[in-house]
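Here's the structure, in structure tokens; my notes come after.
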There are 2 protein chains.
Amino acid sequence: MFTIVGAGLAGTLLACYLGRLGCRVDLHERRSDPRTHAQDRGRSINLALSVRGIHALREVGLADEVLKSGILMRGRMIHTAAGQLTFQPYGKDDSEALYSVSRAGLNLLLVEAAAKLPSVRLHFDRRCTGFDPGSNVLEFHDGSRVPAEVIVGADGAYSAIRTQMQKQERFNYRQDYLTHGYKELTIPAGPSGAFQLEKHALHIWPRGSFMMIALPNQDGSFTCTLFWPMEGPNSFAALTAPIDILRFFEQEFPDAVPLLPNLVEDFLHNPTGALVTIRCQPWHQGGKAVLIGDACHAVVPFLGQGMNAAFEDCTVLTQCVRTHAPNWEAAFRDFEARRKEHLDVLADLCIENFIEMRDRVGSRWFVLKKKLAVALHWLFPRWYLPLYTTIEFTRIPYAEALRRARRQDWIVRGVLAGLGLLGLLAVWQSL
Amino acid sequence: MFTIVGAGLAGTLLACYLGRLGCRVDLHERRSDPRTHAQDRGRSINLALSVRGIHALREVGLADEVLKSGILMRGRMIHTAAGQLTFQPYGKDDSEALYSVSRAGLNLLLVEAAAKLPSVRLHFDRRCTGFDPGSNVLEFHDGSRVPAEVIVGADGAYSAIRTQMQKQERFNYRQDYLTHGYKELTIPAGPSGAFQLEKHALHIWPRGSFMMIALPNQDGSFTCTLFWPMEGPNSFAALTAPIDILRFFEQEFPDAVPLLPNLVEDFLHNPTGALVTIRCQPWHQGGKAVLIGDACHAVVPFLGQGMNAAFEDCTVLTQCVRTHAPNWEAAFRDFEARRKEHLDVLADLCIENFIEMRDRVGSRWFVLKKKLAVALHWLFPRWYLPLYTTIEFTRIPYAEALRRARRQDWIVRGVLAGLGLLGLLAVWQSL
């Protein structure tokens, strides 16, 4: 009775959730079956999996298998322009760490898991072009039409389901592009599959107005992502001559150049991706259609929360379906009420974290504040949670995480100011 | 060489501006020719014309004719729920006043003025459905195609030209609906065309979470607009029984009920309009297409600036065309650079002013602050301009008006705090 459009990460996980409840699920996907066809080079090659995503995978019995093939990243490794390295741990131990996982590998695993469920049917090579809001009939690129009781749009930032919903009256919608885009480059494995950079870290080359990052892959390689302006004097649009590309990397990322043997070809041939934030409201059309994941809340990748938030959508939507079935409208309204505020906060935090990652992460003041936060978290593990820790390593909803962080920061500032005052008084007394 | 889509207020005024420069202009309009067909009851019946709009009309030689048929509104007339009236003047004299003008009358006058210009050609009953961004060929509902050197999208909040531009890469776009909608009602003229409320005022019935306003028409009637939630327990959706409509008005607007003889029929038959704010960026596609007015910056009507801002667009765009011709890309980039920031500020101010009008305008504190502002403006006419005055009665760009108002307010607060302190000291001394 659920027809999911999009067999990406969110759509397949939701099929697993609903299939395990015994719901009939039809899943339609534009691309070919990944079990029989190699997947296209699509978007990012690997992703950072954190607690929200792991929890969802655990609920459908897949967490152990995914974590086994992931690579633990215990912290950030900062690369300065002079080639110096500094390691900043994410948390107090391995319970507060990220996993680098392969997007294609995880998607294949989810497709296989969904396919094993008796009430789930998968349909590939079927590009949905929209639906008729009156009859709830889905329309496909080949002209075929499939009636649906309930449509779930899990078809990503450029969702055809949302595009149809945008035509309803008074639909609030917003798409904001960063002036930066991204390009992926590969650091291949060294001799006999050796990792050429620290394996258990997320590498960052912060450069003020731009940055490069790298995440490890299981085969010993790293996928680098350069975030850089799309247009202007220093930009993807301006940098096209091989000699200029090499010169740029030698100046900005000298320690990475020897590890990037195909730098110029990769740079010239790999696509440049745009970075979009999508917000909309409502997320559903009555009890007939609902959106999840990037289709209703695409965020920029600087907190590594796109997939994790989409997985959390599946967790919450399944709870709402269980609570309200068969009143789908109530289920979807509840889902939106429980998620929308938090995803709006996440969208803002992701954009802010871009500035933190590319600019402040390298500064002494930032390092000092991070150290103070780690110390406070160690002293008061239940009370003091840095915002980043709450987002990555707890399931506290995003907006609550932000409120909590603001409250803590005020208290810490107050205590510091009080201590400063006491110190001044002590000095005064001793004179 | 300019093909304008939309012969509403912005499109026809721009045709007058460009036609007077001798530019060839083709103007395409979806509706029938207003010179030969009565116009549909479309959007608002009358509009508040203020300095920015008057300036633009003066530049094309039409201001005197428009003002002659407009009705001067010298201030706000506040109607309490008990039926008491309070008049709040807008400014120090009639140079700081609004004009209530008829949308249809003004549009007809602009069409006639454009038609008189030898280089302007008008085409009615031609609904544009989009354009081919490669060839710049406009497409119409009847299948006809018209090549254009430069396209100007003056086709309103639901612009077909913008919809086409949204398909370009990295187009930022945002549409936000208020939860309130609006409905128009008519207070007919009294015996022998007498105005049944004060003629030279904009009437407001502020009721906290909603409000009604009324603007005078030349024929002695007033057009009332009720701003009320679209959905919920007290809303347009909930109020459908004649007896409930009457009861609602008798409770909330008792002094208006005797003046609204067709209240129930008007309420049931007149359409309920939605209130949308549209923001987008860029406003142009290279040197091939550019947007003006609601097509790129629709605002909610609570500062009466929609038309005035669109007219100011025509003033600025014409300046940019004169400066940069025939480099249209430079002209449109300059136009956007000179307007975008200000229209973003206006969009926010319009939403904020809704709260002021429906809620605060009736409070003593608001009246006191307004009186202080008027006094300061009278004492320091060159230095102290209340924000509302700057928006309605000067041509200072909106963002600059806001910065100026904030600066002034800090100074006034500082002076008041200083005076308060001095007063306290004086009391202290005298004890």
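The values are calculated or read from the model by the stated rules, or taken from the named source; none is laboratory data. Owing to the predicted nature of the structure, the values given are computational and were not obtained by experimental measurement. When we count neighbours, we look across all protein chains shown, and the Cβ atoms used for this are built from the backbone with ideal geometry, even at glycine. SASA here: full protein model, heavy atoms, side chains in, ligands and nucleic acids out. Shrake-Rupley method; radii C 1.70, N 1.55, O 1.52, S 1.80 Å.
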Original post:
Out of the stretch B:236-267, which residues are over 30 Å from A:PHE171 (Cβ atoms), without any contact (Cβ under 8 Å) to a residue 40 or more places away in the chain and acidic (Asp, Glu)?
Top reply: B:GLU250, B:GLU265
Subject >> Those residues of the stretch B:187-207 which are open to solvent by 50 Å² or more (accessible area, probe 1.4 Å) and modelled with pLDDT under 95, in sequence order >> reply: B:PRO191, B:SER192
Subject >> Qualifying residues in the stretch B:386-419 (those that are in contact with a Ser or Thr (Cβ under 7 Å, 6 or more places away or on another chain) and aliphatic (A, V, I, L, M)) - the one surrounded by the fewest Cβ atoms within 10 Å (Cβ to Cβ) >> reply: B:ILE396
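What are the residues in the stretch B:268-277 that are in contact (Cβ under 8 Å) with a residue 12 or more places away in the chain and surrounded by fewer than 22 Cβ atoms within 10 Å (Cβ to Cβ), if any? Please lay out each step first, then the result.
Taking the stretch B:268-277 as the starting set, the residues that turn out to be in contact (Cβ under 8 Å) with a residue 12 or more places away in the chain are B:268, B:270-277.
Selection gives B:LEU268, B:ASN270, B:PRO271, B:THR272, B:GLY273, B:ALA274, B:VAL276, B:THR277.
I need the helices (runs of 4 or more DSSP H) fully contained in the stretch B:1-75, keeping only those with at least 2 residues that are open to solvent by 50 Å² or more (accessible area, probe 1.4 Å). Talk me through it step by step, then tell me what you get.
On the way: elements: B:9-20, B:51-59, B:63-69.
Helices (runs of 4 or more DSSP H) meeting the threshold: B:51-59, B:63-69.
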Subject >> Hey, A:ARG395 in a helix (DSSP H, G or I), under 16 Å from A:HIS342 (Cβ atoms), modelled with pLDDT of 90 or more and not β-branched (Val, Ile, Thr) or not >> reply: no
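Could you tell me which residue of the stretch A:229-284 is nearest to A:PRO206 (Cα to Cα), considering only residues that are away from every other protein chain (no Cβ under 14 Å) and among the aromatic types (Phe, Trp, Tyr)?
Ranking the qualifying residues of the stretch A:229-284, first place goes to A:PHE253.
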**OP:** Could you figure out which of (1) more than 22 Å from A:LEU98 (Cβ to Cβ); (2) under 22 Å from the mean Cα position of the chain (by Cα) isn't true of A:LEU215?
**Re:** (1)
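Can you name every one of the helices (runs of 4 or more DSSP H) wholly within the stretch A:284-385 that holds 2 or more residues which are under 16 Å from the mean Cα position of the chain (by Cα)? If you could, list the steps in order and put the result at the bottom.
Working: elements: A:294-297, A:306-324, A:328-358, A:364-379.
Here the list reads A:294-297, A:306-324, A:328-358.
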**OP:** State which residue is nearest to B:PHE210 (Cα to Cα) when the search covers only the stretch B:337-361 and only residues that are in contact with a Pro (Cβ under 9 Å, 6 or more places away or on another chain) and buried (at least 21 other Cβ atoms within 10 Å of the Cβ).
**Re:** B:ARG358
Original post:
Has the stretch B:137-148 got at least one residue that is within 14 Å of another protein chain (Cβ to nearest Cβ), among the polar types (S, T, N, Q) and surrounded by fewer than 21 Cβ atoms within 10 Å (Cβ to Cβ)?
Top reply: no
Original post:
Going by the conditions given, is B:ARG103 buried (at least 19 other Cβ atoms within 10 Å of the Cβ) and either among the aromatic types (Phe, Trp, Tyr) or under 20 Å from the mean Cα position of the chain (by Cα) (or both)?
Top reply: no
**OP:** Could you grab me the full set of residues in the stretch A:219-232 that are farther than 20 Å from B:GLU169 by Cβ and surrounded by fewer than 16 Cβ atoms within 10 Å (Cβ to Cβ)?
**Re:** A:ASP219
Original post:
Can you tell me which residues in the stretch A:84-100 are surrounded by fewer than 17 Cβ atoms within 10 Å (Cβ to Cβ), within 30 Å of A:LEU62 (Cβ to Cβ) and out of contact with any Lys or Arg (no Cβ under 8 Å at 6 or more places or on another chain)?
Top reply: A:LYS92, A:ASP93, A:SER95
Original post:
Which condition number in (1) open to solvent by less than 10 Å² (accessible area, probe 1.4 Å); (2) within 18 Å of A:LEU349 (Cβ to Cβ) is the one that A:CYS314 fails?
Top reply: (2)
**OP:** Please determine, by comparing only the residues of the stretch B:153-208 that are within 13 Å of chain A (Cβ to nearest Cβ), under 29 Å from B:THR240 (Cα atoms) and assigned to a loop (DSSP other than H, G, I, E, B), which one is nearest to the chain's Cα centre (by Cα).
**Re:** B:ALA157
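Looking at the stretch B:41-67 only, could you name the residues that are of a type in the set (D, E, K, R), at pLDDT 95 or above and out of contact with any Lys or Arg (no Cβ under 6 Å at 6 or more places or on another chain)? Give the steps one after another, and end with the answer.
Residues of the stretch B:41-67 of a type in the set (D, E, K, R): B:41, B:43, B:52, B:58-59, B:64-65.
Narrowing the set further to residues that are at pLDDT 95 or above leaves B:52, B:58-59, B:64-65.
If the condition is that a residue be of a type in the set (D, E, K, R), at pLDDT 95 or above and out of contact with any Lys or Arg (no Cβ under 6 Å at 6 or more places or on another chain), then B:ARG58, B:GLU59, B:ASP64, B:GLU65 are the ones that fit.
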Original post:
Residue check, B:ARG395 against (1) among the basic types (Lys, Arg); (2) closer than 26 Å to B:LEU85 by Cα; (3) touching a residue at least 24 places away in the same chain (Cβ under 8 Å), all met but one. Which one?
Top reply: (2)
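If I filter the stretch A:284-293 for residues that are among the charged types (D, E, K, R) and open to solvent by 20 Å² or more (accessible area, probe 1.4 Å), do I get at least one hit? Working first, answer last.
Just the residues of the stretch A:284-293 that are among the charged types (D, E, K, R), to begin with: A:288.
Then drop every residue that is not open to solvent by 20 Å² or more (accessible area, probe 1.4 Å), which leaves A:288.
Yes, there is a match, as at least one residue in the stretch A:284-293 is among the charged types (D, E, K, R) and open to solvent by 20 Å² or more (accessible area, probe 1.4 Å).
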